[in-house]
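The values are calculated or read from the model by the stated rules, or taken from the named source; none is laboratory data. This one's a predicted model, so the numbers in the text were calculated from it and none came from an experiment. Here the Cβ positions follow ideal geometry from the backbone for every residue, glycine too, while neighbour counts run over all protein chains shown.
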Amino acid sequence: MKKEVVFTEKAPKAIGPYSQGVKVGELIFTSGQIPLVPESGVMVTEIKEATKQSLENVKSILEAAGSSLDKVVKVVVFIKDMDDFPVINEIYGEYFKENTPARSLVQVAKLPKDALLEIEAIAHI
């Protein structure tokens, strides 16, 4: 199967040797998205807005690949503080209202650029 790199200006540029996303067959795999604002590179540091920004970044990559949030089959969320879980869950539920994807959510010791969370997704095209 052919592997195709996905790039969009509507999501933050990679901060290392990786792609924003990769298409393989009928699937798109996004790299983890921290809450960086693509236009400015500014990190969102309030958990509610940070969750929205990370999800918007994922959404932009999916759309650049010809997919969308409603075609997501799996999400992984890495969070800095499990106490933020209720707020993250609330915002997450606004983005995934019906036909919700499988999800893992784990607290980690540290994230790139000391972000509050990082979200990655796998979707069908």
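Some notes on this structure:
- Filter pass, SER104 being at pLDDT 95 or above, within 19 Å of ILE34 (Cβ to Cβ) and polar (S, T, N, Q): yes
- Evaluated against (1) over 23 Å from MET1 (Cα atoms); (2) surrounded by fewer than 16 Cβ atoms within 10 Å (Cβ to Cβ), ALA115 falls short on exactly one condition, (2).
- No other residue among VAL72, VAL87 is out of contact with any Cys (no Cβ under 6 Å at 6 or more places or on another chain) and within 25 Å of GLY16 (Cα to Cα) apart from VAL72.
- Within region 38-52, residues that are within 14 Å of ILE119 (Cβ to Cβ) have Cβ atoms under 7 Å from residues that are acidic (Asp, Glu) and modelled with pLDDT of 95 or more in these pairs: ILE47/ASP84, counting only partners at least 6 apart in sequence or on another chain.
- Qualifying residue in region 75-89 (condition: more than 15 Å from ILE47 (Cα to Cα) and either exposed (fewer than 14 other Cβ atoms within 10 Å of the Cβ) or in contact with a helix residue (DSSP H, G or I) (Cβ under 6 Å, 6 or more places away or on another chain) (or both)): no
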